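What follows is one structure encoded as structure tokens, with my remarks underneath.
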Amino acid sequence: MKTKRLFVPAVLFLVSFFAACTQEPLFWYIYLEYPPIDPIIKGAPTEIVEYNGALYVANRESVWKYNYSGGPNLNQWVQTGSKPSGPILAVAAVNSAGTAVGLYVLVEGGAIYKSTDGGDNWTQGVSKHGAQKIFGAYEKLFIGDGSAVYDYESPSTSITGGVGGLLRGAAWDGTNYYICTAGDTQNTGIFTVSGTTAIKVYNASVKGIIAVGSTVIAVNSGQHVVYQDSATPNFSGSISTGVKFTGGMALWEHGGDKKILLGLQDGSGTFPYGYRELDLDGSGNVNSSGVFVPGNTAPTTGPTRTTSIDPGSRETSAIGKHPVNSLYVIPNSNSGDDASRPIIVASTQKNGVWSYRVRRGTAQWNGEDNGVY
């Protein structure tokens, strides 16, 4: 009888083990992981923005700067010379026609501070009680308090036109300003904005928006990418993806190829987070064949596609463990992988700032720090 008691659990273990292996090779993924790096910027970072040749991101305590275009502390993350008073909720930048207008920080309570010298000095400007989000686009800064949206230049009057929900993004396509809002209210969607007047152009809860020339792309709160381009007007383009997005979006360019990187809130598989790739064609229009896992070079049809990372860099078991709220591709950078792809930086929801670059001789996603490998 003792032999039977030992034999039965052993059989059950083996059955469970092999069944698990046929579904998701979890232990294999763990074996393949690169040693984790503790990010220099910890916690839940804000959106990553560019202002006057540098990247900026904040956690609740500090504003951080990454100068990639020259000058002191080149290619290093450093805290700015000063910080606004109060826990930081959001960072935004306004760059008009190549001219740096201002770097903005929203702090808890609704005060918004502006810097024109890269964060060495801050001036308190508009305060909007209850403000939760700020987003910049071309010459405009927009403020959202969860139920209405305001232009920074006209903060006493909300933008009219049925705008409701939480502000989740802003974009400029060279002609029109767009904002998007998310929430349970019927007054959410994508709106064009002129002054303090808005017109709804897409009706659904929307998590994020980006413009690449005249192509405008957004992700809704379901599982769809929606867009308009020169071949598809009025946000009539829609791609069902099977995954949910955070709203973090970035343009990736390399060797004439373009794609949009989309932060994931919920995907599938053992590691369901990270990000996905949406390809653009030579005209800047959306390739409607779907979204792709980074590192995947085999589309459904057609020639081998480019991808934002080395196919052997194990994105799935690295950044794929973390929901990604914001992404930024550093211009004219070199990650050091075999194809000299640009460096990608990401804000995760709880695990600090990560990046894709070569570390210890291997291209990989890992915690972002100031190490030289």
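Scale the Cα Rg of the stretch 215-272 by the rule-of-thumb value 2.2 N^0.38 Å and send over the ratio, two decimals.
This ratio for the stretch 215-272 stands at 1.22.
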Sum of side-chain charges, V57 neighbourhood, beta-carbon under 11 Å (Lys, Arg +1; Asp, Glu -1): -2
Alpha carbon centroid spacing (whole Å) that separates the stretch 197-232 from the stretch 255-321: 19
Binned Cα-Cα distance frequencies in the chain - 10 Å width, integer %: 5, 23, 32, 24, 10, 4, 2, 1, 0
Gap separating the Cα centres of the stretch 173-187 and the stretch 45-120, nearest whole Å: 24
Cα-derived Rg over Rh, computed across the stretch 195-354 with Rh taken as Kirkwood radius: 0.95
Distance histogram in 10 Å bins (all Cα pairs of the stretch 50-140, percent per bin): 18, 52, 27, 3
Using alpha-carbon coordinates, inclination of helix 2-23 to the longest axis of the chain, degrees: 40
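With a 10 Å radius around each residue's Cβ, average the other Cβ atoms per peptide and rank 230-237, 69-76, 140-147, 281-288, highest first.
140-147, 281-288, 230-237, 69-76
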Separation in nanometres of the label points that stand 7 Å from Cα toward Cβ, at D117 and A339: 4.3
Residue-count net charge about S115 - beta-carbon cut-off 13 Å; Lys, Arg +1, Asp, Glu -1: +1
5 angstrom amide H check on Q364, placed H, neighbours 5+ away: R357, V358, R359
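If the chain between K42 and S154 were fully stretched, how many nm would it gain, using 0.36 nm times the residue separation less the Cα-Cα distance? Kindly include the intermediate steps, with their values, before the conclusion.
Values: separation 112, 0.36 × 112 = 40.32 nm, distance 3.46 nm.
Separation in residues times 0.36 nm, less the Cα-Cα distance, equals 36.9 nm.
Values quoted throughout were computed directly from the atomic coordinates according to the rules given, and no laboratory measurement underlies them. Model, not experiment: these values are computed from the prediction. Cβ: placed from backbone, ideal geometry, glycine included. Neighbour counts: every protein chain shown.
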